[in-house]
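See below for the structure under consideration.
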Amino acid sequence: MNENGQVKVALIGTGGWGLQHARILSMHPEVDFCAIVGQTAEKVQARAAQFGARAYLDIQEMLDKEQPDLVNICLPNQAHFKPTLQVIEAGYPLFVEKPLTFNIHEADMLLEEAAKRSLFFAINFNHRYAKPVQMAYEAIRTGRTGEIVFASWRFGGEGMSNHPHANLIETQCHGFDMLEFLCGPIESIMAQMTDKTGGGYRTLVLALRFANGAVGSLIGSYDTSYAYPDTHRVEINGSMGRILIEDTVRRYTYHRTGDELGEIWQAGYFNDYAREFHRTFDGHFDAVVKALKHNEVPPVHAVAGRRALLLAQAAITSFEQGKRVTISSV
C-alpha cells in the first residue's frame, strides 16, 4: 500500500467489461489505479488517459515497473489462462473475471501455482452482491424458507463464441455459483442441449439434485435477448416459504407458505445504486479490497471458478453420454 493506505492496482484488459473495472478502480477511495495493459496502443492509451492510469502493451513490463499490490484481469473469455498464469508466476495477488478457464486442467494449474506462492486469488462472481441475492441468502440462513425442496435458475440473452459450450461455461457459471451459494452443493446433473440455431449448444436445460436432497433446474440460452423483461429469474421453494429473484437486481419477493400477503423489495426512487446491475461489481470489489488489506481470504476465492467449471463439465458429460452424472464434493 502507498503512504495514503491505498492499494495499488493494475488492470489487464481494455474491453467492454474492462471499462467497468477501470471505472471502479478510478473511483474507489482505497485504490491507487496505476496502470492498464492492452493489446493495441491506440486503445490502451485512450483508456488509460480516460482514467488517469499509465498505459502498457506488455504485462511483464508493467509488473516490473509498477509492482502493484493487486492485478485485475479482464480479457476475452477464452483468453484467460496464459495471462493469469503469467501474473501468478510473477508472484502478484490477483482478481480475475469468470470463467476461470474453459479447461479443468488449466484451472487446477492456476490454483496450484497460486497456492504454492500463497497468493490472494479472487474471482468476480458479482451476482452474489446484488441486493435481492443478499436478501435471499439471509432469509435462507435464518430459516425463513425452511428446508429447501426445489430451486430454479433461468438466464438468457445474446452471445457469440466459437466454443460449442460457451453459454454453459462462460455465462451459466453464474447459475452454478448462485444455486450453490444459496442452496448448497449440487450432487448430480442430467442435461439436455440443442444446437438447432448453429454455433454450438447455445441453449440448454439441466436437471439438478442437491446434496441436501432438494432438486433443481437450470435453463440457459444465447438464443434469446437481454432486452426481454424477466430475462433472469431465480425461484427457491422451501417447506416454510418461497423466494423469487427477478432480473438479478430488480425485485426480491418472499411469501410464507399459505400466505397470499408477501414481502417485496425494489429499489426506491433515489436508490439508483441498488437497481443498477453494474453496481453488484462495486459491492464485490469493496469486499475484495477489504480482504486484501486485512490479509484475509478473498470473499469469492478462485476455487469457485473451478467448481463452476467442474459442474459445467459434468453437464457436458451427461448430455454426451445420456445419463445422470454425479459430481464430487471437491
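The values are calculated or read from the model by the stated rules, or taken from the named source; none is laboratory data. Because the structure is a prediction, the values reported are computed rather than measured. FYI the Cβ positions are ideal-geometry reconstructions off the backbone, even for glycines, and counts take in every protein chain you see.
Could you tell me whether any residue of the range 135-149 is more than 26 Å from Arg242 (Cβ to Cβ) and out of contact with any Lys or Arg (no Cβ under 6 Å at 6 or more places or on another chain)?
Within the range 135-149, the first condition is being more than 26 Å from Arg242 (Cβ to Cβ), and the residues that meet it are none.
Looking through the range 135-149, none of the residues is more than 26 Å from Arg242 (Cβ to Cβ) and out of contact with any Lys or Arg (no Cβ under 6 Å at 6 or more places or on another chain).
Inside the range 19-40, can you point out the residues that are buried (at least 21 other Cβ atoms within 10 Å of the Cβ) and either assigned to a helix (DSSP H, G or I) or not assigned by TED's automatic domain parsing to the domain that holds Asp69 (or both)?
Selection gives His21, Ala22, Ile24, Leu25.
Can you say whether Met160 is of a type outside the set (Phe, Trp, Tyr) and surrounded by fewer than 17 Cβ atoms within 10 Å (Cβ to Cβ), as far as the supplied structure shows?
Values: of a type outside the set (Phe, Trp, Tyr): yes; surrounded by fewer than 17 Cβ atoms within 10 Å (Cβ to Cβ): yes.
Yes, satisfied.
Can you tell me which residues in the range 176-212 are among the small types (Gly, Ala, Ser) and either in a loop (DSSP other than H, G, I, E, B) or without any contact (Cβ under 8 Å) to a residue 12 or more places away in the chain (or both)? Spell out the reasoning first.
Residues of the range 176-212 among the small types (Gly, Ala, Ser): 184, 188, 191, 198-200, 207, 211.
Within the range 176-212, Gly184, Gly198, Gly199, Gly200, Ala211 meet the criteria.
Could you list all residues from the range 292-330 that are at pLDDT below 95 and polar (S, T, N, Q)?
Ser328, Ser329
Which condition number in (1) touching a residue at least 40 places away in the same chain (Cβ under 8 Å); (2) surrounded by fewer than 21 Cβ atoms within 10 Å (Cβ to Cβ) is the one that Ala315 fails?
Only one criterion is unmet by Ala315, namely (2).
Looking at Leu218, Leu206, can you tell me which residue is surrounded by 23 or more Cβ atoms within 10 Å (Cβ to Cβ), farther than 19 Å from Ala304 by Cα and modelled with pLDDT of 95 or more?
Details: Leu218 fails: farther than 19 Å from Ala304 by Cα.
Answer to the check: Leu206.
Is it fair to say Ala48 is in contact with a strand residue (DSSP E or B) (Cβ under 6 Å, 6 or more places away or on another chain) and outside any loop (DSSP other than H, G, I, E, B)?
On the way: in contact with a strand residue (DSSP E or B) (Cβ under 6 Å, 6 or more places away or on another chain): yes; outside any loop (DSSP other than H, G, I, E, B): yes.
Answer is yes for this residue.
Which of the residues belonging to the range 78-128 are over 28 Å from Gly283 (Cβ atoms) and of a type in the set (Gly, Ala, Ser)?
Ala90, Gly91
When you scan the range 144-154, do you find a residue that is more than 21 Å from Ser217 (Cα to Cα) and surrounded by fewer than 21 Cβ atoms within 10 Å (Cβ to Cβ), even just one?
Of the residues in the range 144-154, the ones more than 21 Å from Ser217 (Cα to Cα) are 144.
Of the ones still in play, those that are also surrounded by fewer than 21 Cβ atoms within 10 Å (Cβ to Cβ) are 144.
Yes, there is a match, as at least one residue in the range 144-154 is more than 21 Å from Ser217 (Cα to Cα) and surrounded by fewer than 21 Cβ atoms within 10 Å (Cβ to Cβ).
Does Val71 fit the bill of being in contact with a helix residue (DSSP H, G or I) (Cβ under 9 Å, 6 or more places away or on another chain), within 28 Å of Asn167 (Cα to Cα) and not in a helix (DSSP H, G or I)? Walk me through it before giving the result.
On the way: in contact with a helix residue (DSSP H, G or I) (Cβ under 9 Å, 6 or more places away or on another chain): yes; within 28 Å of Asn167 (Cα to Cα): yes; not in a helix (DSSP H, G or I): yes.
Considered against the rule, which asks whether it is in contact with a helix residue (DSSP H, G or I) (Cβ under 9 Å, 6 or more places away or on another chain), within 28 Å of Asn167 (Cα to Cα) and not in a helix (DSSP H, G or I), Val71 comes out as yes.
Return the total of residues in the range 273-312 being hydroxyl-bearing (Ser, Thr, Tyr) and touching a residue at least 40 places away in the same chain (Cβ under 8 Å).
The number of residues fulfilling the criteria is 1.
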